[in-house]
1. Give me the Debye-computed log₁₀ of I(q)/I(0) at q = 0.22, 0.27, 0.29, 0.34 Å⁻¹ for segment B:57-98, equal point scatterers on Cα only, no solvent, two decimals.
2. Compute, for the protein assembly as shown, the length of the dipole vector about the Cα centre, with Cβ point charges of +1 (Lys, Arg) and -1 (Asp, Glu) only. Units Debye, rounded to 20.
3. For chain B, calculate the relative contact order in percent as a whole number, restricting contacts to Cα pairs under 8 Å that are 6 or more residues apart.
4. Calculate one ³J(HN,Hα) per residue across segment B:137-154 by plugging θ = phi - 60° into the Karplus curve 6.51 cos²θ - 1.76 cosθ + 1.60, and present them in order as whole Hz with x for glycine and proline.
5. Roughly what would the spin-label model give for B:Y85 and B:E191, points 7 Å off Cα along C-beta, in nm?
6. For chain B, with only Lys/Arg (+1) and Asp/Glu (-1) charged at the beta-carbon, what is the dipole magnitude about the Cα centre, in debye rounded to 20?
7. Per residue of segment B:385-402, in order, report the coupling 6.51 cos²θ - 1.76 cosθ + 1.60 (Karplus, θ = phi - 60°) as ³J(HN,Hα) in whole Hz, putting x for Gly and Pro.
8. Can you sort A:D5, B:D278, B:D438 so the residue with the fewest Cβ neighbours within 10 Å comes first?
Amino acid sequence: MELTDEMIDDLAHLARLRFSGEERISVKKDLQKMISFVEKLQEIDTTGVKPLLHMSDTVNILREDEVQGSISREDALLNAPVKDEQFFMVPKVIKK
Amino acid sequence: MTIAGKYEVVIGLEVHAQLQTASKLFSGDSASFGASPNTHISPITMGHPGVLPRTNRKAIEYAVKMGLACHCEIEEDNYFARKNYFYPDLPKGYQVTQHTTPVCKGGYVTINTPTGKKNIQLNRIHLEEDAGKSIHDLDENYTCIDLNRAGVPLIEIVTEPVLQSSEEAWQYVTVLRKLVKWIGVCDGNMEEGSLRCDANISIRLQGEKKLGTRVEVKNLNSIRNVKKAIDYEVERMIAIVESGGTIIQQTRSFDAGNDTTFALRDKEEANDYRYFADPDLPPFHLTKDFIKTMQVSLPSLPEQLATQYQQEFGLSEYDAAQLCDEKATADYFESVTHFCKNYKAVANWMLGPIREYLNGNNFSFDQLSLHPEVLAELIKLVEEGQLNFSVASSRILPSLINGKRSPLQVAEEMDLLQVSDSTELEIWVNEAIRSMPDKVAEYKKGKKNLIGLFVGEVKKISKGKADPRSVKTLLEQKLDENTII
């Protein structure tokens, strides 16, 4: 599959990344390599093989419905770049 | 044919129901509503790196119960996927959901329509986590984020596009809300957002096979608004088509202020959620035994119970339906029937004076402080003619609720027991006859239906204590005798 600049821009948008012209060239090169690698894997005949969704065989690692493990609001807000006494604060996400 | 009659309305509903668990879907944070902002959170909820989320067993049980109550097929092999998108109230950058691999498939919910019962086909019911809350009007420059709700377990119940009117949608949500409360998986509180509804609406010409362009109306937070939003939207769409326009695919929101809808997003942005299996959450497997256990743990559903009440207890369809309106009501009814076999009387008492008392206090039957056995005793006293119904309901019942004494004790203390002792009755009867000589004359001339008047008079004189049956017999005896008093 041939990568286009447009595809790079779409992916960058989905990941909320911005590339300069130079970066875009190098990212495109890397991504092209990854795609080629996956394309190589696709040559293997996987008819009848179930998709491998999880790396381990464990199932049903469940917890009981108990309230525990919360942290204080002070601790929770510690790393927030913008906050007040109660809230995480982010740039306005709706237009007035 | 009217203009509206030219078109057929097609509606599909997505209902999100918050599961009534104590803790969140993948963390031990409390899932309760109304706490101070950002106090029910942990590194898991905030999506910090390196955390180990684990699935809440109860949430899975609730989802399966709901599926069984809706006649769904239960998927045995389950896993969670990540739905990737950025929004500030979604701290991980993805929502964990079973969007593409639901735990419950197919199934239906039965509603009543003017033309009879109709099964509303479901597409699926799946488990997912809720997002946090964005508050836009607290600060001038910033949006405030409260993550208490982030990670709270939801089931999303999705119908096929099979609802044909706003009335059917209204019925469906009403039945669904009753069902989730009945089986105890969700409190059904739409004001607090425990139950939220999105409607996908389209119209097409009658007889047309192809579905029309759909509009999604989001955030309908009351059953009434579901109906209003659909009514408005259908009218709007018909007006567009009738004036030669084209309906565009949109996401709209309902404005409860003026009962209209407005566009949130024109033309869906090409969403690319890049779903993939969540590597942090091992799959869960449901055995046939587990599914059977869930099936057995389900209470009888309202419709089954209502039928049973009609067939086994001889109740009317109306009374049966009223008793099955809420689980607490049906539960109370059944506990009274352990002590009283006069089922019709139990229903009358519950749906009459007791419900009146409860409504007046905004209580439900599970908050009623009246032991079922005490009610049964009271019913028995009325049956035996020791109390008349109106005295029993208006005067004895209020002092039994929250009280400790038996109906007989209360009746005795208040001197309200009916008298069928003939000496006392005779005095009252004689007094009544003497007070209305002209009526007596008319009666003797053949106006036999005046007997009711005399019975009423005795009732008045005795202050309700005279047993009306004995009074009537005695009155007839006296009036039919030829003696003049």
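Each reported figure results from applying straightforward, stated rules to the coordinates on display, with no laboratory input. Nothing here was measured: the structure is a model prediction, and the numbers come from that model. Note that we place each Cβ from the backbone using ideal geometry, even for glycine, and neighbour counts take in every protein chain shown.
1. For segment B:57-98, the Cα-only Debye profile gives -0.79, -0.91, -0.97, -1.13.
2. 1080
3. Result for chain B is 13 percent.
4. Couplings: 10, 7, 10, 5, 9, 10, 9, 9, 10, 10, 9, 3, 7, 4, x, 5, x, 10 Hz.
5. Those two pseudo-labels are separated by 3.0 nm.
6. 700
7. These are the phi-based 3J(HN,Hα) values: x, 7, 9, 8, 4, 6, 5, 4, 7, 8, 10, 6, 3, x, 7, 7, 5, 6 Hz.
8. Least crowded to most crowded, the residues run B:D438, A:D5, B:D278.
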